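Some notes on the structure that comes next.
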Amino acid sequence: MIAYVGQTRSSALAAYLDQLGIGECVVRGELPARRPRFFHDNGAFRDWRAGRAFDVTRWLRDMRWMSYRGIVPDFVVVPDVVAGGAASLAWSAMWRDEVPEPFPAYLAVQDGMTAAEVAMHLPRYAGIFVGGSLGWKLATAGAWVQLAHARAIRCHVGRVGTPDRVRWARAIGVDSIDSCLPLRHREHLAAFVAALGGDAPNAAVLEAA
């Protein structure tokens, strides 16, 4: 299982994360990525929490910026509507073709969506990104993993940062996770890495976390 965390300006911490194969989550507007392995988050959740409209112009600018420079992220989360159900599926379908080739495009699933509804859209996607509320995510993620793998695509679960949830994600076969929590405090980082099965960070890395 691949893990991604937020951006860091610490060269020691970046080198440590790269060594462990932990990538970077780059939210819309944060380009360029600071490390080689990263995925691009459209920023819809951040906008939703701030009570503002999704910044389509900035998202399109990010797509073009990466495409012109030949920078290919691990995947791109196509714009979605937080807890939007069928409306989110329609919104994602509208923006799917704006993801340049060869970027892998992931469809975000949200509260209110059914497997049957999502399955109709999957031929156009390289993966499923499980968003939504925490309770819904914990209750349905296993089914989304099964749906993705049945279609020979990947499944990512967002905001998985505690050790218990990392172990849960591994147990149900999730392909990748992300969280900003490990970079908020050194204890969070050490616990996150341990749950992933990595070596504990040294003093220099912990100082930077």
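Compared with the dominant Cα axis of the chain, that is its longest principal axis, helix 86-95 is turned about 80°. For the chain, find the longest principal axis of its Cα atoms and tell me its angle to the long axis of helix 134-150, 0 to 90°, nearest 10. Helix 134-150 sits at roughly 70 degrees to that axis.
Between the listed residues PRO104, PRO123, HIS149, the Cα displaced farthest toward the positive end of the dipole of the stretch 2-208, a dipole computed from Cβ unit charges relative to the Cα centre, is found at PRO104. Pairwise Cα separations in the stretch 2-208 fall into 10 Å bins from 0 onward with the following percentages, short to long: 8, 36, 37, 17, 2. Rounded to the nearest 20 debye, the dipole magnitude of the stretch 110-195 is 160 debye, with +1 charges on Lys and Arg beta carbons, -1 on Asp and Glu beta carbons, and the Cα centre as origin. To the nearest 10 degrees, how steep is helix 186-196 against the longest Cα principal axis of the chain, on a 0 to 90 scale? Between the helix axis and the principal axis of the chain, the angle is about 70 degrees. Karplus-derived 3J(HN,Hα) values for the stretch 151-163, using 6.51 cos²θ - 1.76 cosθ + 1.60 with θ = phi - 60°, are 9, 6, 10, 9, 10, 10, 10, x, 6, 10, x, 8, x Hz; glycine and proline are entered as x.
When the helices of the chain are scored as -39500 (n - 2.57) per DSSP H run of n ≥ 4 and the total is divided over every residue, the value at 222 nm lands at -12500 deg cm²/dmol. Each Lys and Arg contributes +1 and each Asp and Glu -1, all at the Cβ; summed about the Cα centre of the chain, the dipole is approximately 160 debye.
We did not get these values from a lab; they are worked out from the coordinates using the rules stated. Not measured: the values here are computed from a predicted model. Heads up, the Cβs are rebuilt from the backbone with ideal geometry, glycines too, and the neighbour counts pull from every protein chain shown.
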